[in-house]
Each structure stands twice: as C-alpha cells, then as structure tokens.
Amino acid sequence: MSTSHDTLGCGHTLEELSLYLDTGDFPDPGHLDSCPECRNGLDSLRRLSTAGSELFSSDLADAGSGSDDWMKNILANLKLELRPGRTIPLRSEDPLDRLTETEGSVLALVRSVTDSTPGAVAGKVRLEGDVTVPGEAITVNLDLAVVFGHPLLGSATALRRDLGEALARHTELNIAAIDITITDVIDAPREES
Amino acid sequence: MTVPAQPAHGREDTTDSTAADALRAVVLGVDGVTAVFPSRPLWQRLPAGALSLLQGGAADAEDGPLVEGGGTGPLQVTVRLGVSDSARTPDVVRAVASAVRGHLAPAEVSVSVTVARISAK
C-alpha cells in the first residue's frame, strides 16, 4: 500500500497526533490504543514538545509551523520513521516460527534513548545496511541537535554507549558503528538584563 | 479464522471469542510484553476481517493474535506486540512463541511474532 509522505502507514498524520496532544481531539480515539506507530509518534512528539517548550517557551504547533528549522527537520524525519519499515529478523528456537521486529520500533528506540540525553534531541535516525539479513554489518546514523553550552564530546560518548547497550538488549543486529553527527546547535534564549 | 476450541452446539461465536481472548491473555502474561496490537496493520486487515465473516468466526482478528489455518498444515498464529524497554526483546519474543505453542498444544503451530513498539509502557 502506498501512502503519501505526510500520512503514516495507518492513514493518520503527524499533524493529527500533534493536534491530539494540544486539544485531545482525534478522529478515531480508539485507534491510538491499537496502533504502535501512532503511539511511538505520540511519545516522540511529547518529548519534542517538552524540549521545545523548555527552550523557547513556545508550543509544538508554533515550532512545526516553520519558525524553527531544527524542529522542522525533526518533524520531517519523524514522518518517515513512524512507519513499520523493514522487517528485522530475530533468532527462533523452532524452525516453524518467524520472529521479527519492525525497523520503526528500533528507530523509535534510538530516538527515545537519544532524547533522554540531557541537552540533546534526535534529528534524523537511519539504519544503514541490510537489516533483513542476520549478521549483516549495520551502521546507525544519527543526526543530533544539541543545546548550546552542553559538553558535546561527553554527550556523544555517553550517547554512543547508551545506544550500543540498548541495541544489544533489544535487537540481534550486528552494529558495526554508531555515527553521530551534530547537525544543529540550539542557542537557547538568554534572559534580558 | 479458526480457533482450536470445542464449542458446544450453537455457541461457536462465544467460544471462538473466548479462545481468542485466552490466547491474547497468554501473550500479555509473558514478562516484558506491554501490549498486544492488532495482528495486522490496518491496511492489511480488511481481507482478514472479510475472511473471518465468511468463515463464521466471531473472534475479533483485529484485537489481538490472529489464528488461521487448519486442514493439513500447522495452525498459523500471528502476534504483533509491544515490549518493555527494561526487558530483552529477543528473549521476550521467543518466550511469547513458546507460550503460544504451549497454550495450543498438542496442535502443530507456526508462530509469527512481530515487535512493533519498544517502550517504557
């Protein structure tokens, strides 16, 4: 099934999820309990909303409407990541079984771990390599927005360690590298003196 | 849709639904499982729903594990779930497959488990 870039695999949109967080309105409220992609999206939007309001005292709708390029980039990437994506195999103890996880669940995990790092927000998250083949070398490419004033090297080192542990715990991927690129340094507003 | 139960005459719908609920409870009872999602994404569900109606099964294929098959091959069980980020996802998935197989024993079962969400809750 093909979907537009603005529409998630379930037919809903990131804008609808954002509106739901702002107003509580959603066309099909029951869907939010049964759709893992929408729930992953809501988690990401909540973290973004928190980060956005902490930095700029502005709400997510304002940020997403175009006033902040870094937030716009994150939202654009979220639209792509909130899909099941490729199927990642897991080892099975019975030859009749087929055990897998979605690429979307792993991307959401990477985003969650990254967003829990103080002063950092995940931008683009990609798994480079054929994740559908067991043992294939995979590189995690992560674009990061960081708040000015946080120690970049320390954050990146700690984040790489945390991501490595999370991916080892939740996947059987052969992670060859975790490449972190700081693409945005967010200059938090200073108090007027 | 086929759910391996032995319904009393005239009570197939209720028993099918009960069997599906029981299977869902088995999956949710595995440590580390946080949610059981519809076994197929929304855009894949309509054919399954139509099949269920045609076969007279009332168990809701949209709410949890999907059981298909019968005949000469193994039962096909499809589960889509969420896993706690404090668990180890591969272990949880294998435990789910084992629990489903144990629940449906002695039937020959092929279990398909997909993790769609890894989160704190």
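The values are calculated or read from the model by the stated rules, or taken from the named source; none is laboratory data. Just so we're clear, the structure is a prediction, and the values are computed from it rather than from any experiment. Note that we place each Cβ from the backbone using ideal geometry, even for glycine, and neighbour counts take in every protein chain shown.
Worth pointing out:
- Test result for A:ALA108, part of a helix (DSSP H, G or I), touching a helix residue (DSSP H, G or I) at 6+ places or on another chain (Cβ under 6 Å) and either within 14 Å of another protein chain (Cβ to nearest Cβ) or modelled with pLDDT under 95 (or both): yes
- Meets criteria (surrounded by 15 or more Cβ atoms within 10 Å (Cβ to Cβ) and either free of Cβ contacts under 8 Å to residues at least 12 places away in the same chain or more than 23 Å from A:LEU78 (Cβ to Cβ) (or both)) for A:GLU172: yes
- Residue within segment A:109-121 that is exposed (fewer than 15 other Cβ atoms within 10 Å of the Cβ) and over 27 Å from A:HIS12 (Cβ atoms) present: yes
- Qualifying residue in segment A:84-93 (condition: within 11 Å of chain B (Cβ to nearest Cβ), crowded, with 19+ Cβ neighbours inside 10 Å and at pLDDT below 90): yes
- Complete set of residues in segment B:76-103 that are part of a strand (DSSP E or B) and facing chain A (nearest Cβ under 7 Å): B:GLY82
- Candidates A:ASP143, A:ASP97, A:ASP162, filtered to the one that is at pLDDT 90 or above and within 20 Å of B:THR114 (Cβ to Cβ): A:ASP97
- Selection of segment A:79-120 for residues being in contact with a Leu (Cβ under 7 Å, 6 or more places away or on another chain) and hydroxyl-bearing (Ser, Thr, Tyr) yields A:SER92, A:THR100, A:THR114, A:THR117.
- Just one of the listed residues (A:GLY123, A:GLY149, A:GLY85) is out of contact with any Asp or Glu (no Cβ under 6 Å at 6 or more places or on another chain) and of a type in the set (Gly, Ala, Ser), namely A:GLY149.
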